[in-house]
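As structure tokens, the structure follows; a few thoughts come after it.
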Amino acid sequence: LNMFSRRGAGSGVTVQSDVTCVVFSAIAGHWRSALEDISHSIVFIDEGQPFIFSKDFADVVQHSDNYYVLITRRPLRNLPYSTKEIYGIRTTGKFNFPEKIYQEFYPIYDNSFSALESSENILILEDSNAGYEFFKTAFPGIECLSAGGNSNIAGELINTPPGKSTIVIADGAAFGAYIENILSIRDLKNNASLYLPESFEWLILRSGIM
């Protein structure tokens, strides 16, 4: 895509998109103004641009009308992004000469989550408001703990007693930065699982109640 943005059709790359695609790079210290000049576009930025990990960048993204594709191996702690929007890139070997090997995106965490069952011993809830009150009422025989925010879930999960079956319930739509760490803890404890609906509101709307 970077080659296409510089050389167009002469690059030998074909881009099919209904909107403008931009490979973004900026001189250090001037990225914000350059990024704010882009609108209604798909913006690709790789981890060679360290500003993507900053709070200032998160602020620009959340007040922008662009769609961002951020290529990085590190979690973006300042941005709320869904576990369903984290992708790996793999090379497929199925090609015919002289076509180039191409890259294929695939969801990393799409099938990593459990269904909620009433047989759990402990529920760890991300919030302390409506979602917490709902699950506490719906499962009166299960101990419900509020983590008080998604960044605190790891600590709550580590501190659960051994032998207790635990399930973590959080908003998947904003859990992307924490999922890798939580899955590592889950695998170590052997008795923990995850239930990550996009949000509590999404869960209510999908339930058929409304």
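The values are calculated or read from the model by the stated rules, or taken from the named source; none is laboratory data. Source: prediction; values computed, not measured. Here the Cβ is made from the backbone with ideal geometry for all residues, glycine too, and neighbour counts use every protein chain on show. These accessible areas exclude ligands, DNA and RNA; they are computed on the full protein's heavy atoms, side chains included. Shrake-Rupley method; radii C 1.70, N 1.55, O 1.52, S 1.80 Å.
For the range 151-189, filtering for residues that are part of a helix (DSSP H, G or I), in contact (Cβ under 8 Å) with a residue 12 or more places away in the chain, farther than 12 Å from I124 by Cα and not β-branched (V, I, T) leaves 9. Total residues in the range 119-158 satisfying the condition of being over 13 Å from D171 (Cβ atoms), charged (D, E, K, R) and crowded, with 16+ Cβ neighbours inside 10 Å: the figure is 3.
If the condition is being within 18 Å of S39 (Cβ to Cβ) and hydroxyl-bearing (S, T, Y), then the range 49-76 contributes S64, Y67, Y68.
Considered as a group, the residues in the range 138-149 that are at pLDDT below 90 and out of contact with any strand residue (DSSP E or B) (no Cβ under 9 Å at 6 or more places or on another chain) include one that is nearest to S207 (Cα to Cα), and that residue is A138. Inside the range 159-171, residues that are out of contact with any strand residue (DSSP E or B) (no Cβ under 9 Å at 6 or more places or on another chain) and either more than 16 Å from P80 (Cα to Cα) or open to solvent by less than 20 Å² (accessible area, probe 1.4 Å) (or both) make up a count of 3. Summed over the range 119-132, residues that are farther than 16 Å from P161 by Cβ and either within 25 Å of the chain's Cα centre (by Cα) or part of a strand (DSSP E or B) (or both) total 8.
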